Amino acid sequence: MRSRYSAFVKADVAYLLYTRHSSTQSLDNPKLLQQSCQGTRWTGLHIQQCHQGQSNDDQGSVTFSAHYIENDKPGVLTETSRFVKEGEQWYYLDGDHGSSHALPITMPGRNDACWCGSGVKFKRCHG
């Protein structure tokens, strides 16, 4: 999960395609994926829950919130992603998108709590 988030941050489309399970890989359009990566600045990942996904498991799921800025507006995507393991490699299968929405447009002051919910001052988190 974290490696795919990092690939989104770095716009590493090749890695995103490689780590997508072959049964659902055709759902990704490389050009659209590249455009999406370039138009979005990812600013934080918060893992909320993991189910299975340990070294002796062959499947698992991760529920997360990913914070981003798109068109100069902060937002958050929540999803429960499903993964399958083949050999020693984990592959993204699909995800249930809980929500994706823009956050309030008013940016906090430097010493206010960050909008992402980390509990840290904005200047130390996303400022």
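The values are calculated or read from the model by the stated rules, or taken from the named source; none is laboratory data. Not measured: the values here are computed from a predicted model. No Cβ is skipped: glycine too gets one built from the backbone with ideal geometry, and neighbour counts run over all protein chains shown.
Quick grid of which residues meet (1) assigned to a strand (DSSP E or B); (2) surrounded by fewer than 13 Cβ atoms within 10 Å (Cβ to Cβ); (3) in contact with a helix residue (DSSP H, G or I) (Cβ under 7 Å, 6 or more places away or on another chain); (4) of a type in the set (G, A, S):
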{"position": "S6", "(1), (2), (3), (4)": "no, no, no, yes"}
{"position": "V9", "(1), (2), (3), (4)": "no, no, no, no"}
{"position": "A14", "(1), (2), (3), (4)": "no, yes, no, yes"}
{"position": "S23", "(1), (2), (3), (4)": "no, yes, no, yes"}
{"position": "K31", "(1), (2), (3), (4)": "no, yes, no, no"}
{"position": "S36", "(1), (2), (3), (4)": "no, no, no, yes"}
{"position": "Q49", "(1), (2), (3), (4)": "yes, yes, no, no"}
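In a residue-by-residue description of region 57-68, the property of being part of a loop (DSSP other than H, G, I, E, B), modelled with pLDDT of 90 or more and loosely packed, with under 14 Cβ neighbours inside 10 Å applies to at least one position.
If I filter region 79-88 for residues that are farther than 30 Å from R124 by Cα, out of contact with any Gly (no Cβ under 9 Å at 6 or more places or on another chain) and outside any strand (DSSP E or B), do I get at least one hit? There is at least one residue in region 79-88 that is farther than 30 Å from R124 by Cα, out of contact with any Gly (no Cβ under 9 Å at 6 or more places or on another chain) and outside any strand (DSSP E or B).
Pairs meeting the criteria (first residue in region 5-20 and more than 22 Å from I69 (Cα to Cα), second residue of a type in the set (F, W, Y), beta carbons under 8 Å, at least 6 apart or on different chains) are T19/W90; T19/Y91; T19/Y92; R20/Y91; R20/Y92.
Restricted to region 21-43, and to residues there that are hydrophobic (A, V, I, L, M, F, W, C) and under 14 Å from the mean Cα position of the chain (by Cα), the residue that is farthest from A66 (Cα to Cα) is L33. When restricted to residues that are of a type outside the set (K, R) and in contact (Cβ under 8 Å) with a residue 24 or more places away in the chain, region 28-42 contains 5.
Cβ-Cβ contacts under 9 Å between residues 6 or more apart (or on different chains), taken from a first residue in region 43-68 that is touching a residue at least 60 places away in the same chain (Cβ under 8 Å) to a second residue that is among the aromatic types (F, W, Y) and part of a strand (DSSP E or B), are listed as T43/Y68; G44/Y68; H46/F64; V62/F83; A66/W42.
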